[in-house]
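Asker: Sending over a structure as structure tokens; questions will come in a sec.
All of the numbers you see were taken from the coordinates with simple rules; none came from a lab. Since the structure is predicted, the reported quantities are computational estimates derived from the model, not experimental observations. Methodologically, a virtual Cβ is constructed for each residue, glycine included, from the backbone with ideal geometry; neighbour enumeration extends over all protein chains shown.
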Amino acid sequence: MIRSLFTAVVLIAAACNSGAQDAKPTELKVGSFTFKVAPPWAAKAEPRMMSAGGFTLAGKDGAAPVEADFYHFGAGGGGGIEPNIKRWQSQFTAGADGKAPTMEREELTFGDSKALIVTIKGTFLSGPAMSPNKTPMPGYAMLGAILESKEGDVFVKITGPEAATLATKEEVKAMVKAAFAK
């Protein structure tokens, strides 16, 4: 009986402690920037190929998650801003309805520093970067953020179901702004 009571107390204490840890922001250092997200965002267990790390936001009611991946290739690396935007655009295709993907650009300025936010909506071609095998994901969106830095630009690629991804846009902009506020 005492052993059972002790086990119950330990399990309850662990559950309470776990909840307290979950409330802390998760940080990811990429290049000269530190990105912070709060729950329900969580650190990715396995980053994508070439990624410095990432976060996930669980989908609601069984929907696919929103995934954020961060890339940094050092000064002069990564191919530059415009080639990356073109690469991101090529990861979208016309849907079954023939509707072409749409794209918007928004430049953010923080003192002498700049970031670019790109929003693309349409059918996302999901799959590994260099693989010819892609899975069409209709009704998806991507928020791309490019943070300029002398140490090398940082590229953030956030993809998922359109409504869920677009719902994170202001949060993503705040995360970018905070990354510039060293």
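Asker: So which residue, out of A141, A38, A96, gets the largest mean-square fluctuation from a GNM of the chain using Cα contacts under 10 Å as springs?
Answerer: It is A96.
Asker: Pairing the Cα long axis of helix 169-180 with the longest principal axis of the chain, what angle in degrees results, from 0 to 90 and rounded to the nearest 10?
Answerer: Approximately 90 degrees, to the nearest ten.
Asker: Let me ask something else about it. Let me spell out the model: positive unit charges on the Cβ of Lys and Arg, negative unit charges on the Cβ of Asp and Glu, origin at the Cα centre of region 24-180. What dipole size does that give, in debye rounded to 20?
Answerer: Dipole of region 24-180, to the nearest 20 debye: 160 debye.
Asker: Right, here's the next one. How far is helix 2-22 tilted off the main Cα axis of the chain, in degrees rounded to 10, range 0 to 90?
Answerer: With both axes taken from Cα atoms, the answer is about 30 degrees.
Asker: By count of other Cβ within 10 Å, fewest leading, how are T34, T165, T119 ordered?
Answerer: T34, T119, T165
Asker: Which trypsin sites (Lys or Arg not before Pro) from region 79-160 combine a DSSP loop assignment with at most 10 other Cβ atoms within 10 Å?
Answerer: Here the sparse-neighbourhood loop sites are K150.
Asker: Spelling out what I want: for every residue of region 115-126, take phi, set θ = phi - 60°, compute 6.51 cos²θ - 1.76 cosθ + 1.60 (Karplus), and round to whole Hz; glycine and proline get x.
Answerer: Running phi through 6.51 cos²θ - 1.76 cosθ + 1.60 with θ = phi - 60° gives 9, 10, 10, 10, 10, 10, 10, x, 9, 7, 9, 7 Hz.
Asker: Moving on. Pick the calculated Cα Rg over 2.2 N^0.38 Å for this structure from (1) 1.08; (2) 0.98; (3) 1.20?
Answerer: Checking each listed value against the structure points to (3).
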